[in-house]
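Novice: After the structure tokens below, expect a handful of questions from me.
All of the numbers you see were taken from the coordinates with simple rules; none came from a lab. Just so it is clear, the model here is predicted, and its values are computed rather than measured.
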């Protein structure tokens, strides 16, 4: 991974949403510390705040109170343009839905990541080709998403997330739309690539199988984050 390795420090984060009555508190003092190469699965029932936490870690949502730091940076102290650049260069996302552009080939979808940083040069094209080869998709690079299987589409999404060598890799049910066999293969590949990259990995999932693959679990329930073994 390029640059100085970044640690993730989440300190007493809360998130409230306004309602007709009292504000709805979704996260209640969540704290988390991870260093480069660490990985964790966040499990818990629907509505427990898992996606809210992931959105805050990914700077797509802001905490009501508390702080998030990635390396030396407090992303929520940045202006809008600087925050967008930070997100594009330091954070990679993999979602349950692959979110590939239907009119773009697999390779073009992967190159959207460096394009978000303002440039697609020969180095980016070479890295994209190498990553697609790494996930066994060299011969599918020119295919549209509609011409790929579910597992292939998700592998393209994983490559796109890794393209900018992020410090923090976030995944929301990355195998949720796949059958058990494909999910296991994609999960193994995803975790292997994340380990090789040295990125911090946070996976939100309902899948006990994927949580087991990740190895370490934390449980989020009622907005409170605890050790998953408790």
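Novice: Cα atoms only, the stretch 111-230: Rg and Dmax in Å?
Specialist: 15.5, 49
Novice: Please compute, for the alpha-carbon atoms of the stretch 19-125, the extent along each of the three principal axes and give them in descending order in Å.
Specialist: 51, 33, 32
Novice: Just the Cα atoms of the chain, one point each, no solvent: what log10 I(q)/I(0) does Debye give at q = 0.07, 0.14 Å⁻¹?
Specialist: Rounded to two decimals, the profile gives -0.22, -0.88.
Novice: For the stretch 34-86, I need the span (max minus min coordinate) of the C-alpha atoms along each principal axis, in Å, sorted largest to smallest.
Specialist: 35, 26, 19
Novice: To continue, here is another question. Any idea what angle helix 80-90 forms with the longest principal axis of the chain, computed on alpha-carbon atoms, 0 to 90 degrees, nearest 10?
Specialist: With both axes taken from Cα atoms, the answer is about 60 degrees.
Novice: Based on the inverse mean of 1/r over its pairs of different Cα atoms, what is the Kirkwood hydrodynamic radius of the stretch 62-119, in Å?
Specialist: That comes to 13.4 Å for the stretch 62-119.
Novice: If you don't mind, there's one more thing I want to ask. Given all pairs of different Cα atoms, what value in angstroms does the Kirkwood hydrodynamic radius of the stretch 1-55 take?
Specialist: Hydrodynamic radius (Kirkwood, Cα only) of the stretch 1-55 equals 13.3 Å.
Novice: Rule-of-thumb check for the stretch 73-173: C-alpha Rg over 2.2 N^0.38 Å?
Specialist: In units of the globular-protein estimate, the stretch 73-173 measures up at 1.07.
Novice: Taking only Cα atoms and a 10 Å spring cutoff, compute GNM fluctuations for the chain and point out the largest among 165, 192, 97.
Specialist: Result for the chain, Cα springs under 10 Å: 192 fluctuates most.
Novice: Moving on. Comparing 12, 103, 154, which has the greatest mean-square fluctuation in the GNM of the chain with Cα pairs linked when under 10 Å apart?
Specialist: 103
Novice: If you line up the long axis of helix 106-116 against the longest principal axis of the chain, both from Cα atoms, how many degrees apart are they, to the nearest 10?
Specialist: The helix 106-116 is inclined about 50 degrees to the chain.
Novice: Could you check what % of the DSSP bridge pairs in the chain are antiparallel, to the nearest 5?
Specialist: Around 50 percent antiparallel, to the nearest 5.
Novice: At a threshold of 8 angstrom on Cα-Cα distance, excluding pairs fewer than six apart, so keeping six or more, what relative contact order does the chain reach in percent?
Specialist: 30 percent.
Novice: Also: What do you get for the angle between helix 180-197 and the principal long axis of the chain? Use alpha-carbon atoms, 0 to 90 degrees, nearest ten.
Specialist: Long axis of 180-197 versus the principal axis of the chain: about 90 degrees.
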